[in-house]
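S.K.: This structure is in structure tokens; I'll ask about it shortly.
The values are calculated or read from the model by the stated rules, or taken from the named source; none is laboratory data. In this text, all values refer to a predicted model and were calculated from it rather than measured experimentally. Heads up, the Cβs are rebuilt from the backbone with ideal geometry, glycines too, and the neighbour counts pull from every protein chain shown.
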């Protein structure tokens, strides 16, 4: 062995030594360019014929590919043909349903025609967007929505200053403003009682101040924070009531006249705005060390998560009036809203609990070591991290809630889908394609909202996982 | 002890807070009960479940529930209606879960394909179906697709006339068991037990001696073969009632004849399609995430041990992926079951529709009936949660 090696070294007379660089070859056809892309993305998966099993698999993949290509393009073509190419776009002669009738039905379209009847959507557009909201008052809805979009955009654009403050306004002042704009405010609350409670609240706040300075003895000074908070709660609650009772000169509009996309947005946004704080409290309660609080929160969460939303809505519309004292009567929309809030709070609580569990134990201990109280450590250390962590989960819950708002149409509230259903029932537009046209239009609206939000959630997820990577 | 030391005592504070919480909840509950009692007495209603033995006076479209409970208007009670609702909910849930699981796993695996066409199709499927509300999809299938079927006096023949479909439903041949069919079923059950025992024995032998045994194929043969032999030996003790369709005769008598074959109502088809297609999109995402969660090193290590790709998938990847997949998968199954309540919108006779809808309107016992309905769903949920805890405990990684 060693001999052989030795002799090989001795006979090292090289026959060929390269004097210049080897020529640069183009990359193999399977690795670059259009062919390479096609090979890697399509043909490589069906080119293995090394054994009987592999050949069978390749053949199956090839057959599936061809079938899906055909099937997919057929579907896309059907959809485009239905919605665009063959669709009726205008109804200049105001024929209504006859504009979308085939020859067999007495209209002018060729027999066998089956495509969208868009004039039906124009005619019903106001109804499926706003319901029966008075036409001259629509600016109020539009203003609310525009303000909402502007506020949301401000909060979502990361370079802008004071996003936190704007976000807080969006969660507090904005809903109040929307309430006044949409309903017209002017609630029948006597100003006398509001003023009285306001004065009492202010008095309690000053009492808290005095207690803090120690004017009221050591015992009460322990309670100054509690007294102050109670006073503020009084003042805020009655300011809200007062604003609701002020006559801004807006015509009051009953929620029975609301409908369409307006209702969908109101239900979804209210659900999410209320379920966030409620969910935080429930999640903290479920992770609390106090057995009674833990038990109550767990039972509450599991109860609402265990039943379908439609039964909750049934309960809200049928049982809620029985639970309340005589004379207290909620309108239909408010009942459904209460059901949706409780339901989504339970789901939100589980999402937030996930965030709380993901926080390192050292953060809790660090907060305690700094001498922070429970609420201080939650507010300053734990919740900011936990909530940021679960932003994608919160957005996903919102997407679910947004889709689930369609269920309110089953208890007689005309949300987007409900309004669409009742528009379909209009005999003046009765054609065989009416239902499909409406469903297509509503599906596009929902798809745009939900797909947009899911993209945002994925973007946040990527961003958060990047910032967490060390 | 000074007051302030007392006030800041952590344990005391916690007890005080909990006592306050429990008291306020109890008070709130008491308030609700009191309101309810006074409201009910104002309306002249009493509380109780005696209504369950009253006879129900409304028609329910024929489904598995009505068939099993032998529903008859004016003779069956509201308790029967309750059970029919549960059975029909169960039917939709089981059918939906089976279809959604098969479709969801296929789409989930397709999303991981290296083939752009297959991957793209799966991606478009998932994004489309996930982002459109289920109720809208249900309406689409029921009001837009199934309404375009032939009218009740016409039909589209399927399988050269053995079955047929029109707007009143899908008509299939109905099996009618003759005497001796019970024996075939018994043999079938015994064959399943035998196959399970066979596979246990094969595993044991392989562990001991290293010799493999084709337990899967032998078991399959056992399960399919023995009942078939028994069936043929007993002289095929099963008759079929084919759906009969009349094209001629008086106009009102044309169409499928009642009492022949069995019918699957269009509502069931629409609910089943909508639920399984919608849930499959979510299951696909779960499956994809589960397979991606298995570290690549696992596959590579398995290849370097000389295991073939099929065995690698079956013994290395899938068991680890299932640990990630099963918990969210179970909650999707539960979601499907809960979502079956949407069938109320197209009047498929399931629990919400006939019990909390039709029956509630007739009897007016809101509290009792809604509580009974919610109990069913809560039971489903709690059973699922119990299963999930058991499963998680079983497959949990034992860390050393």
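S.K.: Going through B:382, B:322, B:313 one at a time, which residue ends up being within 11 Å of another protein chain (Cβ to nearest Cβ) and part of a helix (DSSP H, G or I)?
M.R.: Answer to the selection: B:382.
S.K.: For the structure I just gave you, tell me whether residue A:312 is part of a helix (DSSP H, G or I), within 14 Å of chain B (Cβ to nearest Cβ) and buried (at least 19 other Cβ atoms within 10 Å of the Cβ).
M.R.: Answer is yes for this residue.
S.K.: Would you mind listing the helices (runs of 4 or more DSSP H) fully within segment B:41-145 where at least 3 residues are within 14 Å of chain A (Cβ to nearest Cβ) and crowded, with 17+ Cβ neighbours inside 10 Å?
M.R.: B:78-110, B:116-130, B:134-139
Yes/no matrix, rows are residues, columns are (1) surrounded by fewer than 17 Cβ atoms within 10 Å (Cβ to Cβ); (2) touching a residue at least 40 places away in the same chain (Cβ under 8 Å):
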| residue | (1), (2) |
| --- | --- |
| B:302 | no, no |
| B:310 | yes, no |
| B:316 | no, no |
| B:353 | no, yes |
| B:363 | no, yes |
| B:371 | yes, no |
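S.K.: Right, here's the next one. Evaluate the following for residue A:336: is it surrounded by 15 or more Cβ atoms within 10 Å (Cβ to Cβ), in contact (Cβ under 8 Å) with a residue 40 or more places away in the chain and more than 24 Å from residue A:253 (Cβ to Cβ)?
M.R.: Here the answer is no, as residue A:336 does not meet what is asked.
S.K.: Give the residue, chosen from A:121, A:76, that is part of a helix (DSSP H, G or I), surrounded by 11 or more Cβ atoms within 10 Å (Cβ to Cβ), away from chain B (no Cβ under 14 Å) and out of contact with any strand residue (DSSP E or B) (no Cβ under 9 Å at 6 or more places or on another chain).
M.R.: So the residue among A:121, A:76 that is part of a helix (DSSP H, G or I), surrounded by 11 or more Cβ atoms within 10 Å (Cβ to Cβ), away from chain B (no Cβ under 14 Å) and out of contact with any strand residue (DSSP E or B) (no Cβ under 9 Å at 6 or more places or on another chain) is A:121.
S.K.: Can residue A:380 be described as without any contact (Cβ under 8 Å) to a residue 40 or more places away in the chain, over 25 Å from the mean Cα position of the chain (by Cα) and in a loop (DSSP other than H, G, I, E, B)?
M.R.: So residue A:380 fails the test.
S.K.: Take segment B:336-350 and flag every residue that is within 14 Å of another protein chain (Cβ to nearest Cβ) and either assigned to a loop (DSSP other than H, G, I, E, B) or surrounded by fewer than 18 Cβ atoms within 10 Å (Cβ to Cβ) (or both).
M.R.: B:347, B:348, B:350
S.K.: Would a scan of segment A:391-402 turn up a residue that is in a helix (DSSP H, G or I), within 13 Å of another protein chain (Cβ to nearest Cβ) and over 21 Å from the mean Cα position of the chain (by Cα)?
M.R.: No: segment A:391-402 contains no residue that is in a helix (DSSP H, G or I), within 13 Å of another protein chain (Cβ to nearest Cβ) and over 21 Å from the mean Cα position of the chain (by Cα).
S.K.: Within segment B:164-183, count every residue that is surrounded by 15 or more Cβ atoms within 10 Å (Cβ to Cβ) and within 27 Å of the chain's Cα centre (by Cα).
M.R.: Total satisfying the criteria: 11.
S.K.: All but one of (1) within 21 Å of residue B:360 (Cβ to Cβ); (2) within 9 Å of chain B (Cβ to nearest Cβ); (3) modelled with pLDDT of 90 or more hold for residue A:336; which doesn't?
M.R.: Looking at each condition in turn, residue A:336 falls short on (2).
S.K.: Filter segment B:146-159 for residues that are away from every other protein chain (no Cβ under 12 Å) and surrounded by fewer than 19 Cβ atoms within 10 Å (Cβ to Cβ) and give the result. Give the steps one after another, and end with the answer.
M.R.: Filtering segment B:146-159 down to residues away from every other protein chain (no Cβ under 12 Å) leaves B:149-159.
Hits for segment B:146-159 are B:149, B:150, B:151, B:152, B:153, B:154, B:156, B:157, B:158, B:159.
S.K.: Answer yes or no as to whether residue A:407 is within 12 Å of another protein chain (Cβ to nearest Cβ) and farther than 13 Å from residue A:120 by Cα. Step through it out loud before you land on a result.
M.R.: On the way: within 12 Å of another protein chain (Cβ to nearest Cβ): yes; farther than 13 Å from residue A:120 by Cα: yes.
Yes: the conditions hold for residue A:407.
S.K.: A further question follows. Look through A:111, A:45, A:90 and report the one residue that is surrounded by 12 or more Cβ atoms within 10 Å (Cβ to Cβ) and either touching a residue at least 40 places away in the same chain (Cβ under 8 Å) or touching a helix residue (DSSP H, G or I) at 6+ places or on another chain (Cβ under 8 Å) (or both). If you could, list the steps in order and put the result at the bottom.
M.R.: Values: A:111 fails: surrounded by 12 or more Cβ atoms within 10 Å (Cβ to Cβ); A:90 fails: surrounded by 12 or more Cβ atoms within 10 Å (Cβ to Cβ).
Going through A:111, A:45, A:90 in turn, the sole match is A:45.
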